[in-house]
Amino acid sequence: MTIGELAGIIAALAFVVLVVFICLNLSKLSQILKDVNETVAKLNTTIDVVTKDVDNLSIEVEGLLNKANTLVDDVNGKLSKTDPLFVAIGDLGTSVSDLNDSTKNMTSNLLKGVGKKRQSPIKKFVNSAKRVARKRPSAGEAAPSPRTETSNQPVTKPKPPVPTVDSLEKELYESELFDIKHKPASKTAGEITIKN
């Protein structure tokens, strides 16, 4: 055997090993491709099932959304019917606040008027007649003698008049009006606001 023949045999054996190696790899590759084809087929089947399920779900969700829209429209309609009620409540609060303000002003004016009340001429005449009657001695009493500077009796101060029922009632009425006049205004009346 010559070197050339030996080299040819080695080359032939290497070629056989190469062919066997390539055949084994090709058989593995064909098995992998077969598995990939099966997986793709299963995936297509699964995608078809999921697509059908999603279609069914989308139809049901669309129905639910339509019902929800109908419900929201119904609630909006009913709430719009209550708008006049809230407007009326707001107007009532404003009216109550205005009433409080006008009552306070009226009370204030009334208090000012009580202090400046003028007596009628008849009332003046009756009051002056009462004063004169108090100063004048009655028929059984002697008229008081005029005081002289030589008199050793101490000078006594006249007693203050006893309050009458009318004067006590007037003082009570004025004190009640004073309390009402200086009472702070309500902080909550008329504070209802409606936001659109």
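Each label was represented as a point 7 Å from its Cα along the Cα-to-Cβ direction; for ILE89 and CYS23 these points are 9.4 nm apart. The orientation-averaged projection of the convex hull spanning the C-alpha atoms of region 1-121 amounts to 22.4 square nanometres.
Using C-alpha positions alone, give me the convex hull volume of region 61-114 per residue in cubic angstrom.
Numbers: hull volume 2.4 nm³, N = 54.
Cα convex hull per residue, to the nearest whole number: 45 Å³.
Only the coordinates and a few stated rules stand behind these numbers; no lab work does. Computed from a predicted structure; not experimentally measured. Virtual Cβ from ideal backbone geometry, glycine too; neighbours counted across all protein chains shown.
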